[in-house]
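Read through the structure below, which is laid out as structure tokens, and then see the notes.
The values are calculated or read from the model by the stated rules, or taken from the named source; none is laboratory data. Because the structure is predicted, anything quoted here is derived from the model rather than measured. Reconstructed Cβ throughout: ideal geometry from the backbone, glycine too, with neighbour counts over all protein chains shown. Just the protein is used for accessible areas: all its heavy atoms, side chains included, with ligands, DNA and RNA removed. Shrake-Rupley method; radii C 1.70, N 1.55, O 1.52, S 1.80 Å.
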Amino acid sequence: MTSTIIRSPYPEVTIPDLSLPAFVFADAARHAAKPALIDGPSGRAITYRELVGRARLVAGGLAARGFQPGEVFATYLPNLPEYAVAFYGVLLAGGTNTTINPLYTVEELAAQLTDAGASHLLTIPPFLDKAVEAAGRSGVREVFVLGEADGATPFAALLASGHQPPEVTIDPHRDLAVLPYSSGTTGLPKGVMLSHRNLVANLCQLQPVVEIAGEEVGIAVLPFFHIYGLTVLMAAALWQGATLVTMPRFDLEQFLTILQDYRVSRAAVVPPVLLALAKHPLVDRFDLSALTSLSSGAAPLDAELEEACGKRLRCSVGQGYGLTETSPVLTTQPADEARIRHGSTGQLVPNTEAKVVDPATGEALGRNQDGELCFRGPQVMRGYLNRPAETAQMLDPDGWLHSGDVGHVDDDGYFYVVDRVKELIKYKGLQIAPAELEAVLISHPTIADAAVVRVADEEAGEVPKAFVVATAELSAQEVMDHVAERVAPYKRLRQVEFIDQIPRSLSGKILRRVLMERDLQAAT
């Protein structure tokens, strides 16, 4: 009988027992004078020598101010070269980074700071009011700011201190490098405990399948706070000696200008950006001939869209798949363009196993059968911070991570993700937890009950729609405004429908599928 466990087609790779900064900076001296990061809008650059040197100063400066190994440092920044300086400085000091969406409201920021137990926070002047208020609601001892602003310590003070990194011992298997937040399969955001070993393993797993040459120029439009941008760009690209051009926020014309002016050869994006590259008329005004590779992740991508984009830009286009809980990469397309299968997320990276199980029974299924995708490998998280019950739901005793995604594997080991068991909404690759929006909705005095479901959207992939039970006269705009005042912009409701009763199971669970089918019937 054929085994139901799917293994990577690639030979196993050796994973060194190193901390993340020791691994990423191992060859930095070889590229010492080369730009490591460039701020796209201004052209301000940091060389590899400056990146390593400044990260060491940050580590020393933090230690001199009382930052201890094991403490958590929060970064609340857009993509800037200083992001990497702070990130690696924290690691050299023996600390853990928690990366925060710069669009977060005070309430969302305070919630993550408190849950993560952050002791220090770094931001920029435009975000400082929110940062200071959130810090006051949590255990943050000191707020740093890029530049200067009242109420915060200049980040430059860490660099000017002249202190070198403290003597710290890092256990790559146990010590956490980063604590990003993910909603997992259900519920509110949870801290994902990723060790140095998890991230170093994922970088090693990428090497045979993602060929990043040292002369490459990449664009860092993926946010560094998200595990996709953190691992693939701020870690993998810098480890390989590439140059990263950062963008603080996405703007299509600026994105195209940077691709053209910096002769960007490699771009990692999310499907809405790829959609614009395939269809927007503005693209024709720019010379993108240096672009040779375009990869997409964080949300599903249609095969026809992949092919259309590749044809228009005359470059290789493919997609991969992963989770915050897996550091993130699980599958990716082969480096050989001839072996790319459009519509597929590619094959397993080395040192990774997978199986497909019946979501209801847990019974293993064969190839070409749709079921829940489960994975096992060294990139799998240690668990959710202070949430043993949620960890147990995601990770079984045999080390299998249950992704909550439905898909299948073909006879050649290519994966296809077709649906989700989980209830998360993916807006432009960012996760939105329906439970979080429902909690905001029912805080309204005239909303008795509410449910949020995902609705397909050509540009964003998916958008949140609310079904609302109101006890008094209420307009859809009032409902949307109520939510918009309390959440980050990408989480805002895009549709509202009033309903007499929210369908629920006997246990009280919202029957979202019933609401989604109702929408489907109304559309037809």
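So which residues in the stretch 109-152 are of a type outside the set (Asp, Glu), open to solvent by less than 50 Å² (accessible area, probe 1.4 Å) and in a helix (DSSP H, G or I)?
Across the stretch 109-152, the qualifying residues are Leu109, Ala110, Gln112, Leu113, Ala116, Phe127, Leu128, Ala131, Ala134, Ala135.
Determine the pairs where a residue that is more than 17 Å from Val270 (Cβ to Cβ) and open to solvent by 30 Å² or more (accessible area, probe 1.4 Å), located within the stretch 304-321, has a partner that is in a loop (DSSP other than H, G, I, E, B) and modelled with pLDDT of 95 or more with Cβ atoms under 8 Å apart, the partner being 6 or more residues away or on another chain.
Going by the 8 Å Cβ cut-off, the qualifying pairs are Arg314/Ser289.
Given the structure, is Ala86 closer than 26 Å to Gly214 by Cβ, at pLDDT 95 or above and part of a loop (DSSP other than H, G, I, E, B)?
In short, no.
So if I check each of Ala472, Ala450, which one is open to solvent by less than 20 Å² (accessible area, probe 1.4 Å) and among the small types (Gly, Ala, Ser)?
Only one candidate passes the filter, namely Ala450.
Somewhere in the stretch 35-52, is a residue within 24 Å of Asn101 (Cα to Cα), part of a helix (DSSP H, G or I) and in contact (Cβ under 8 Å) with a residue 24 or more places away in the chain?
Yes.
Do any residues in the stretch 271-299 that are in a loop (DSSP other than H, G, I, E, B) have Cβ atoms under 8 Å from those of residues that are of a type in the set (Phe, Trp, Tyr), where the two are at least six apart or on different chains, and which pairs are they?
Note: pairs meeting the criteria are Gly297/Tyr228; Gly297/Tyr321; Ala298/Tyr228.
Residues to consider are Pro397, Pro359, Pro350; find the one that is open to solvent by 50 Å² or more (accessible area, probe 1.4 Å) and either touching a residue at least 40 places away in the same chain (Cβ under 8 Å) or among the hydrophobic types (A, V, I, L, M, F, W, C) (or both).
Within the list Pro397, Pro359, Pro350, the selection yields Pro359.
Which pairs do you get when a residue that is in contact (Cβ under 8 Å) with a residue 60 or more places away in the chain and assigned to a strand (DSSP E or B), found in the stretch 440-451, comes within reach of a residue that is acidic (Asp, Glu) and open to solvent by less than 60 Å² (accessible area, probe 1.4 Å), reach meaning Cβ atoms under 8 angstrom, with the pair 6+ apart or on two chains?
Hits for this filter: Ala451/Glu438.
Does the stretch 229-239 contain any residue that is open to solvent by 10 Å² or more (accessible area, probe 1.4 Å), out of contact with any Gly (no Cβ under 7 Å at 6 or more places or on another chain) and not in a helix (DSSP H, G or I)?
no
Does the stretch 41-50 contain at least one residue that is surrounded by 17 or more Cβ atoms within 10 Å (Cβ to Cβ) and small (Gly, Ala, Ser)?
Checked against the condition, which is being surrounded by 17 or more Cβ atoms within 10 Å (Cβ to Cβ) and small (Gly, Ala, Ser), the stretch 41-50 yields no hits at all.
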